[in-house]
Amino acid sequence: MSKPQLSPAKGRRWWRPAVELLVVLLIFLALKAWLQRDMISGEAPDFQARLLDGTPVSLADYQGAPVLVHFWATWCGICRLEQGSIETISQAWPVLTVAMQSGDAQALAAYMAEHGYAQAVIADEDGALAARFGVGAVPASFVLDADGNIRFRERGFTTGWGLRARLWMARLL
């Protein structure tokens, strides 16, 4: 008994969906690169600032371990979706958040208390710190390695698991 022969059309059915998936993936990666075009890479710029409680802070304070530097705003809907994940991550990893153009320290402290957040926050009232990192829109995240080099950068919504994975990889690099 002979085997039935597959027609050429049946043997190539997987090609079309594979090519379409590849095109969608390339468009996604191109869009992601375009959105991140102004965000800095390489060594993160050190800065001097104050947390909401007045404690002085600099990026150098976080050297020695990977750190997440997360830019957000109280008026940003996507930021509000991410904020719970950022809070959870801050309980296990070093996290420094920068509230861009969201009011002064007193207003931000009230916002944080109202929502039950305790992460380290810098009030970037005029957006100057965000500009040093090339952040023109929020949310934006930078994962720095133990030496202060930017290993990963992301603009837009990012999952908590994705940020944890990047922090873990930064530890290994």
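The values are calculated or read from the model by the stated rules, or taken from the named source; none is laboratory data. It should be emphasised that the depicted structure is a prediction, and the values quoted were computed from it without experimental measurement. All Cβ positions, even for glycine, are placed from backbone atoms using ideal geometry, and neighbour counts span all protein chains on display. To get the accessible areas, we keep the full protein, side chains included, count just its heavy atoms, and leave off ligands, DNA and RNA. Shrake-Rupley method; radii C 1.70, N 1.55, O 1.52, S 1.80 Å.
Toward the positive end of the charge dipole of the range 93-173, about the Cα centre and with charges on Cβ (Lys, Arg +1; Asp, Glu -1), which of PHE157, ALA170, PRO139 goes farthest? Positive-end residue among those listed: ALA170. Contact order for the chain, expressed relative to its length and based on alpha carbon pairs under 8 Å spaced 6+ residues apart, stands at 27 percent.
Of the listed residues PHE28, PHE152, PHE133, the order by accessible area with a 1.4 Å probe, largest first, is PHE28, PHE152, PHE133. Once Rg/Rh (Cα atoms, Kirkwood Rh) is calculated for the structure shown, the corresponding label among (i) 0.93; (ii) 0.97; (iii) 1.18 turns out to be (iii). Taking all protein chains together, MET39, MET169 sort by accessible area into MET169, MET39, largest first [probe 1.4 Å]. A probe of 1.4 angstrom, applied to the heavy atoms of all protein chains, finds HIS70 with accessible area near 0 square angstrom.
Backbone N atoms of the range 116-141 closer than 11 Å to the 7 Å Cα→Cβ label point of ALA49 belong to residues 120-133.
Mean residue ellipticity at 222 nm from the helices of the chain, using -39,500 (n - 2.57) per DSSP H segment of n ≥ 4 over the full residue count, to the nearest 500 deg cm²/dmol?
Calculated from helices alone, the mean residue ellipticity at 222 nm is -12000 deg cm²/dmol.
A 1.4 Å probe run over the protein chains yields, for the range 1-143, 59 Å² of accessible area per residue, whole-number rounding. What is the helix-to-structure angle for 160-172, meaning the angle in degrees between its Cα long axis and the longest Cα principal axis of the chain, kept from 0 to 90 and rounded to the nearest 10? Rounded to the nearest ten degrees, it is 80.
Charge dipole of the range 54-173 (Cα centre as origin; +1 on each Lys and Arg Cβ, -1 on each Asp and Glu Cβ, all else neutral): 460 debye, rounded to the nearest 20. Across the accessible surface of the chain, with the other protein chains kept in place and a 1.4 Å probe, carbon and sulfur atoms take up 59 percent.
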